[in-house]
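Enquirer: The structure under discussion is supplied below as structure tokens; questions concerning it will follow.
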Amino acid sequence: MENDFNSQFKKIKESVKLSEQEMDFHRGEIVKFMDRKPSSFKRKIRSPFYLGFFFQKHFIATGLVAVLIFSTGITVSADSALPNDYFYQIKTKITEPVLLFLTPNLKSRTSKRVALVERRLQEYSQVVLNGETLSPEDKISFTNQLSLQIKQAHEGISQLVKEESLPDALETTNDLQSVLAAQDTILEKIHEVNPDAENTDEVTSVITESIESTTTIENNITETVQISTDETELDNSIASQKEEITKSLEGLQEENQRDASEENKDKLDVVNQTNIDSKISEINLLIEEADKKVVGGEKKKALELYNQIDQDLGEIESLIHVEQKLQIDDSVDSDEPKDQTTGEDLLPIDLENLHGQE
Amino acid sequence: MKQGHNDKNKFIESYDLYAEAIFRYCLFKVFDRERAKELMQETFTKTWEYLEKGKEVENLRAFLYKVAHNLCVNEIIRPKSFSLDEMSEKVNFNPEDKNSRSPENETDISLLIEKMKMLQPQEKEILTMRYIDDLAVAEIAELLGMIPNSVSVKIRRAEESLRKLYK
């Protein structure tokens, strides 16, 4: 079939042609246009010691923007800017790179990059949730920016591997994976609520691809740890993962208890409370199983389990925090659709089926 | 353009070299032969204007594709689908080409175009760039601001989607 496609594409290529008359006509039009406009290219070859850029308008403009940023409230406006806002470029192209530059070490920088990926996806979810759309240009620019930031997060992780900080690399990979999986689910849910919302196919496709590539990276790191002849490398990774899981689980349980004791004030109940309880119980069982594997000497299998637990926890955390991070329009609440069969809100995410589509 | 681009003749030579490819690229974006010709022409005039401002273009081919891409994106996205006959009429295969005039060939090509139109915009774009415009993976990556690996994956997936549409 592939060969068939190739030959058919070739046929299209050969068939879709401009006739000589058409070529001549458009050539003539272009020449007319060129004659109307005087040709005056000003390309210059610059000396490597050229300092003129200090005085060029772009540099001056950038300087002015920098002055504005540091002396006025633009950063404040830019910080909450969404992809379809005027200040968005300032946030992504100026403010955030500066913050990254100021972040001291590789581990923190890579974590920051993961946080930026999460931020990008939350901004996009916010746009979709608001029922707004991105112009084609904004969408291209946004998906490019998102792909680039995911790529940079991957590069940071690879660098951590090169520097042999395997536990850190694994932890950051799990964080990234959780962020991607959670946002994928969130976008899907928003679309269930509002089928007319912005078409998210392009962003979802970036997320899906990134989940795949992050899984490959994660497998490579796990393999590196597993084939390491140094037993302490494996022990360190397990210890680091366990520590991370314990912290996450404690935080999640605290938050869960707090939410359960408070009246539900959330406008958008993204995560179903009962499902969180059952997911936590499930995770506790998995932890027990992983612990048993460690005791039984099956450390490699244990590490795989801990990784999975870490990702699941991260994903739940991201989902739980979605209400806090997404600013929900009041009108969304009133029009919330109900499941025809159960009468329940469609919004709560079924944690049991988080991986249902994988 | 790296050298001698202060020469109109050089620019016209570039037109002779790339016009057809840019036209094809636009045609598979807007599916309207007349509009694709206009967009192709506009791509060259916009590029000329850009060069006139004294700005540098390292890779003219890639630059032309970028301009064409932006122009096509600005076009109204047409939700209506064309019938096969309309599609063939709009794409207007070269009547001089005897091979493509055989009914079998025309049906194959029309069918492929129809299927291509059903693909996601990016899948359609990436297949056009790879197989109709003969761009290398690295060139597509540069044009779309992606990494070459992602481009390869996208090509494979687009082929898969196309194959599914044939089933």
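Enquirer: Alpha carbon centre of the stretch A:137-208 versus the stretch B:26-69: separation in Å?
Expert: 32 Å
Enquirer: List A:M23, B:M116, B:M129, B:M40 from most exposed to least, where exposure is judged by having the fewest other Cβ atoms within 10 Å.
Expert: On the way: A:M23 17, B:M116 21, B:M129 24, B:M40 27.
Ranked by crowding around the Cβ, least crowded first: A:M23, B:M116, B:M129, B:M40.
Enquirer: Of B:L112, A:L146, how do they rank once you tally other Cβ atoms within 10 Å and put the fewest first?
Expert: Values: B:L112 20, A:L146 23.
With the fewest neighbours first, B:L112, A:L146 line up as B:L112, A:L146.
Enquirer: How much FRET efficiency would the formula 1/(1 + (r/R0)^6) give for B:N70 and A:E164, where r is the Cβ-Cβ distance and R0 is 60 Å, rounded to 0.05? Write out the running numbers ahead of the final one.
Expert: Details: r = 45 Å, r/R0 = 0.74.
Between B:N70 and A:E164 the formula returns 0.85.
Enquirer: Now a separate question. Label points 7 Å out from Cα along the Cβ direction at B:K8 and B:R163: separation in nm?
Expert: Output for this residue pair reads 5.2 nm.
Enquirer: What distance in nm separates the simple spin-label points at A:S205 and A:E254, each placed 7 Å from Cα in the Cβ direction?
Expert: The answer from the label model is 4.3 nm.
Enquirer: Would you mind computing, in nm to one decimal, how far apart the modelled labels at B:L111 and A:T215 are, each placed 7 Å from Cα along Cα→Cβ?
Expert: It is 3.3 nm.
Enquirer: So what's the net charge close to A:L313: Lys and Arg +1, Asp and Glu -1, counting the other residues with Cβ under 10 Å from its Cβ?
Expert: Working: positive: A:K247, A:K279; negative: A:E244, A:D310, A:D312, A:E315, A:E317.
Residues near A:L313 contribute -3 overall.
Enquirer: Set the bar at 32 Å for Cα to Cα. Now go through A:K32/B:K115; A:K13/B:K10; B:K55/B:K115; A:K32/A:K139 and name every pair that lies beyond it. Walk me through the numbers on the way to the answer.
Expert: Working: A:K32/B:K115 39 Å; A:K13/B:K10 25 Å; B:K55/B:K115 40 Å; A:K32/A:K139 35 Å.
The pairs that break the limit, which is 32 Å between Cα atoms, are A:K32/B:K115; B:K55/B:K115; A:K32/A:K139.
Enquirer: Put one equal scatterer on each alpha carbon of the stretch A:111-222, apply the Debye formula with no solvent term, and list log10 I(q)/I(0) at q = 0.14, 0.15, 0.18, 0.20 1/Å to two decimals.
Expert: -0.55, -0.62, -0.84, -0.99
Enquirer: On a 19 Å Cα-Cα criterion, which of the cross-link pairs A:K242/A:K300; A:K93/B:K66; A:K17/B:K29 come out too long?
Expert: Details: A:K242/A:K300 14 Å; A:K93/B:K66 21 Å; A:K17/B:K29 15 Å.
From A:K242/A:K300; A:K93/B:K66; A:K17/B:K29, over 19 Å: A:K93/B:K66.
Enquirer: Can you give the FRET efficiency to the nearest 0.05 for A:T224 and B:V153, using r as the Cβ-Cβ distance and R₀ = 25 Å? Present the calculation step by step, with values, prior to reporting the outcome.
Expert: Details: r = 23 Å, r/R0 = 0.92.
The pair A:T224/B:V153 has a calculated efficiency of 0.60.
We did not get these values from a lab; they are worked out from the coordinates using the rules stated. These numbers were taken from a predicted model, which means no experiment stands behind them. Because the Cβ atoms are built from the backbone with ideal geometry, glycine has one as well, and the counts that use them run over all protein chains shown.
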